[in-house]
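What follows draws every value from the coordinates through simple rules; no lab data is involved. In this text, all values refer to a predicted model and were calculated from it rather than measured experimentally.
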Amino acid sequence: SSSSSNRYCCVMLGSGGVGKSALSIQYVQGVFVDVYDPTIMDSLLRMDTIEGRNITMTVVDTAGQDDYIDQTTPYIRMADVCVFVYSVTDATSIVHVSTMFDHALKARQGKGPMPFLVVGNKSDLQEHRQITVDQGRRLAVTLAGRMRLSGEEVLAVTQSPLFMETSAKHRDDAVLLFRSAVMTINKVRSTK
Ligand code: GDP
Ligand code: MG
């Protein structure tokens, strides 16, 4: 059954330059990439052990040009969880999360709850910060409210961390992000 599946798929969504690739590569390969072709769309695979279970994580790292949003539709439909990334140093990028979220909801129509995480990346760049932790958290709660879910589904989606800040420079942050994604998926699967 789906509740015992050890396969997980995340899709990384967000504006260009926010760190989708850096977070994905930090998790899968354990290195921070300074320069990465922004047009590369790739899917990365990692075996992991989470809460004592061996799992396989596929990370779909989309190319984030804002005008190519439609190309992400098939990946959004096949993913178990959508990871919406903005940069805490870029006020425009958090606005784009909201747009992306609505696009993703439409893309998944008829597929039930859409597990998601909102991630404020580049938290190491404190001196360039434009978005506070509170603004990020509030956005995540607002977005959850846009889904029409049953009471059980709301609990499943909102009990796990909806929001976190990360720095792709720190491996622990990237690992925590993808482990939180797995926990979010598990909660939703357990309601089925
Ligand atoms: P993408 O277009 O969303 O895939 O963004 P990239 O992962 O290619 O990152 C864009 C640029 O931001 C690159 O130069 C990265 O090295 C840098 N970057 C990504 N994440 C972080 C971070 O958490 N902190 C800092 N300081 N730089 C980051
Ligand atoms: Mg990229």
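Of note:
- Cα gyration tensor, segment 47-91 - rounded (a/c under 1.5), prolate or oblate: oblate
- Pairs from the list Lys106/Lys169; Lys20/Lys187; Lys111/Lys187 with a Cα-Cα gap above 22 Å: Lys106/Lys169; Lys20/Lys187.
- Bridge type composition, the chain - antiparallel percent by DSSP, nearest 5: 30
- Under Karplus coefficients 6.51, -1.76 and 1.60, residue-wise ³J(HN,Hα) of segment 137-143 in Hz, glycine/proline x: 4, 5, 4, 4, 5, 4, 5
- The chain: C-alpha gyration tensor shape, a/c 1.5 cut-off, then a/b vs b/c: rounded
- Per-residue ³J(HN,Hα) for segment 39-48, Karplus 6.51 cos²θ - 1.76 cosθ + 1.60, θ = phi - 60°, Hz, x for Gly and Pro: 8, 6, 10, 8, 10, 10, 10, 9, 7, 8
- Residue-averaged [θ]222 nm for the chain, counting only DSSP H segments that reach four residues, each worth -39500 (n - 2.57): -12000 deg cm²/dmol
- Relative contact order (%) - the chain, alpha-carbon pairs under 8 angstrom, separation at least six: 25
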